[in-house]
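Below: one structure, written as structure tokens.
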Amino acid sequence: LRRYYDATTQQVFPYLTAVIDVKDGTVQGIAWDDACIFCKLSRCLPNTYDFVGNITTREDISQPTDGCYISRDECVALHAGGSDECDLKLFVVWTGTGVGGTALFSSDSRFSAFPPNRIQENVENGVNQAIGNLQGKATDAKDAADNFFDTVTDSIPFYWGGEEEGGDDVGQG
């Protein structure tokens, strides 16, 4: 079992690839593929559990057990920038044989079959684009607030110690 969100550590694991093993059209098992290809090693943590909820290791189950994480705070910021980087991405590939012995080849196209640096570069580019969008929105909001402030202050008469026509001192305290 893999988690999408770990409430204790507040980490999101958005990348999952299930490898479905089939023999003559009957599912024999489901394994998880290496999800660390989507990030740098420093962002890769154990994320596979047994049915009781205990963390497992590669040695325990003879398959990859780690996944890339993004912190909840980072996901909030990315989402605000228009990114879907933290949305669950569940990929399913098939291996083995279908009914009649037809070979199933989609497992040859799973992400871990390709050089990880290209995949990581694509993920990083998506994150950087979302950060740029967020910074642009922050600049737009600041500009709008500045314009609003200028409009308001331009429309309110304020006198520094002078007298209005009625003889009242305005702005002195």
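The values are calculated or read from the model by the stated rules, or taken from the named source; none is laboratory data. Keep in mind that this is a model prediction, so the values were computed, not measured. In this analysis, Cβ positions are derived from the backbone assuming ideal geometry, glycine residues included, and neighbour counts consider all displayed protein chains. The protein model used for the area step is the full one, side chains on, heavy atoms only, and it has no ligands, DNA or RNA in it. Shrake-Rupley method; radii C 1.70, N 1.55, O 1.52, S 1.80 Å.
Go through (1) modelled with pLDDT of 80 or more; (2) open to solvent by 20 Å² or more (accessible area, probe 1.4 Å) one by one and return the number of the condition Thr57 breaks.
(1)
Given the condition at pLDDT below 80 and closer than 27 Å to Phe105 by Cβ, answer yes or no: does some residue in segment 65-80 qualify? If you could, list the steps in order and put the result at the bottom.
In the first step, residues of segment 65-80 are kept if they are at pLDDT below 80; the result is 65.
When the remaining residues are screened for being closer than 27 Å to Phe105 by Cβ, the result is 65.
Yes - at least one qualifying residue is present in segment 65-80.
How about segment 64-73: which of its residues are closer than 17 Å to Ala35 by Cβ and surrounded by fewer than 18 Cβ atoms within 10 Å (Cβ to Cβ)?
Going through segment 64-73, the residues closer than 17 Å to Ala35 by Cβ turn out to be 64-71.
Across segment 64-73, the qualifying residue is only Ser71.
Would you confirm whether or not segment 40-51 contains a residue that is open to solvent by 40 Å² or more (accessible area, probe 1.4 Å), closer than 29 Å to Lys137 by Cβ and modelled with pLDDT under 85?
yes
Restricting segment 15-34 to residues that are of a type in the set (A, V, I, L, M) and touching a Lys or Arg at 6+ places or on another chain (Cβ under 8 Å), which is nearest to Asp84 (Cα to Cα)? Lay out the reasoning, then the answer.
Here is the first cut: in segment 15-34, the ones of a type in the set (A, V, I, L, M) are 16, 18-20, 22, 27, 30-31.
Pick out the ones that are also touching a Lys or Arg at 6+ places or on another chain (Cβ under 8 Å) and you get 16, 19.
On the way: Leu16: 15, Val19: 24 Å.
Looking at the filtered set, the residue picked out is Leu16.
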